């Protein structure tokens, strides 16, 4: 999830809906819709405004970062 996708969340039936484009089945199903409650969105807002701004060293635009401020990467096992 990018910061732009997070800030573009819309409210549908008391849920905040974030459309995420970059995922492994986007070519078949399009963007994935992540639904979070108002409380969860408030927690996410705190994370982005406090932790994310302190830890982010690169300009990746991703919301969730590793402990050292880099973008998380998707790794498949098997």
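Side notes on the structure shown:
- Figure legend. Inter-residue proximity from segment 1-24: first residues farther than 19 Å from residue 47 by Cα, second residues modelled with pLDDT under 85 and part of a strand (DSSP E or B), beta-carbon distance below 6 Å, spacing 6+ or different chains. Indicated pairs: 23/32.
- Residues of segment 1-21 classified as out of contact with any helix residue (DSSP H, G or I) (no Cβ under 9 Å at 6 or more places or on another chain) and either part of a loop (DSSP other than H, G, I, E, B) or under 24 Å from residue 70 (Cβ atoms) (or both), total: 6
- Among the candidates 45, 24, residue that is over 15 Å from residue 64 (Cβ atoms) and either over 11 Å from the mean Cα position of the chain (by Cα) or assigned to a helix (DSSP H, G or I) (or both): 24
The values are calculated or read from the model by the stated rules, or taken from the named source; none is laboratory data. Computed from a prediction, not measured in an experiment: that's the story for all the values here. Every residue, glycine among them, receives a Cβ derived from its backbone with ideal geometry; neighbour counts consider all protein chains shown.
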